[in-house]
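Notes follow once the structure below has been shown.
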Amino acid sequence: MRVEGRATKIASDLLAHYDVHARRLPWRAPPGSNAADPYRVWLSEVMLQQTTVAAVGPYYAKFLARWPTVQDLAASEDADLMAAWAGLGYYARARNLLACARAVARDHGGVFPDTEDGLRSLPGVGAYTAAAVAAIAFGQRAVVVDANVERVVARLFAIATPLPAARPAIRAAADSITPDARAGDFAQAMMDLGATICTARNPACGICPLREDCAAVLTADPAAYPVKAAKKVRPHRTGHGWWIERDGHVWLVRRPDKGLLGGMRALPSSDWGDAPDPTPPIAARWTTIETDVAHVFTHFSLALRVHHAHVEANETPEGAGEWWPIDRIGEAGLPTLFARAADAVRKERQADARN
DNA sequence: GACGCGTGGAT
DNA sequence: TATCCAAGCGT
């Protein structure tokens, strides 16, 4: 439900600012053109979920060069896709990206649905992404609410209810200021504002184009919005990983599709539980690296104890896996935790070689 | 609605 | 150094 007056002023103020100050981003059509490619918009939106623009940049360029169309992506091998995504995090996105591309290719003739509902039915496309693609790629009026919009709207309207309980009110407020025309530009303008001016910490209210529309700027601390519930403390866990080497190769496994680092290549490892002395995947003369690999995940921090050993040419650990050439370890697509473990082994080898 | 799910940069 | 934070989604 759109309310005339203040809401109209907010949209026009913001769009006028956007026309001059819009960030130039690789996935954005040039100013004045209506050439937004749904595939590119969708690809960028999925990569940008919970991920910074700076981190996405090189991945977006790599993906677009390698898979220029949704059909190209749909035809890719799972392992290639997962390896290309390695390092970007939240790997369920990569699995859903491929599932979505294949669904578009198979069920929609290679053409993305142009409605929010149609988009919403695709794997990995939630409320935010469906609205963003509908607005940005198809020019439809959709209420696009991400963390930036939540913050900007909570401040514009000085919404004091803590998140996540405030979400319905924030969404209604966002709906009230979303214009019928240029909804895609409006959404991107809101996100630009949140990323560059109405930032989480130290917002630059002095140069904000919505300063005279904002309720929070009249308060003692605009940055206090949105109010958030207290966070839980992050537990710490210890795990073990094994570097099994044989004739210039290392044994890599593929992690189960569900759960942490799902579907990714990895070193064999223990559960991240409390098992003090887990059983190695193969009997060998193990050496343990002195310094654990420290890594922080969203919901726990981990100290990975890395063990390494050589095995004989006829030995192979039980279960599925592959001998991967160590001089091409960079191409294995290891997630960051295991890439660091591999680095730790390499460094120890180099140190040993000097002694 | 809560929880699980990565990573790296900024403060 | 520790904490916060980033264009969320699926269960």
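Points to keep in mind about this one:
- Whole-Å distance, taken between Cα centres, linking the range A:285-348 and the range A:184-205: 41
- Hull-based mean projected area of the range A:224-355, where the convex hull spans the alpha carbons, in square nanometres: 10.9
- Pairwise Cα inverse-distance average, inverted: Kirkwood Rh of the range A:17-155 (Å): 15.5
- Based on Cα contacts under 8 Å between residues 6+ apart, the range A:258-336 shows a relative contact order of 34 percent.
- Calculated FRET efficiency, A:R211 to A:A294, Cβ-Cβ distance, R0 = 51 Å: about 0.75 to the nearest 0.05.
- One Cα centroid belongs to the range A:38-111, the other to the range A:228-284; the line between them spans 26 Å.
- Calculated P(r) tail over 31 Å for chain A, as whole % of Cα pairs: 47
- Mean ellipticity per residue at 222 nm, deg cm²/dmol - from DSSP H runs of n ≥ 4 across chain A, formula -39500 (n - 2.57): -12500 deg cm²/dmol
- Relative contact order [Cα under 8 Å, 6+ residues apart], the range A:113-169, whole percent: 22
- Whole-number D in µm²/s for the range A:65-136 (Stokes-Einstein; Kirkwood sum over Cα pairs; 10 °C, 1.306 mPa s): 126
- Sites A:K228 and A:N314 - FRET efficiency at Förster radius 41 Å, r taken between beta-carbons, to 0.05: 0.10
- Acute angle (nearest 10 degrees) that the helix A:53-66 long axis makes with the longest principal axis of chain A, alpha-carbon atoms: 70
- Antiparallel bridges, percent of DSSP beta bridges restricted to chain A (to nearest 5): 60
- Within the range A:236-354, DSSP assigns beta bridges of which about 60% are antiparallel (rounded to the nearest 5).
- Relative contact order of the range A:1-148, pairs being alpha-carbon contacts under 8 Å that are 6 or more residues apart, as %: 21
Quick note: the coordinates plus some simple rules give every number you see, no bench work behind them. Note that the structure is a prediction, hence the values are computed from the model and not measured. So basically every Cβ, Gly included, is an ideal-geometry build from the backbone, and we count neighbours across all protein chains shown.
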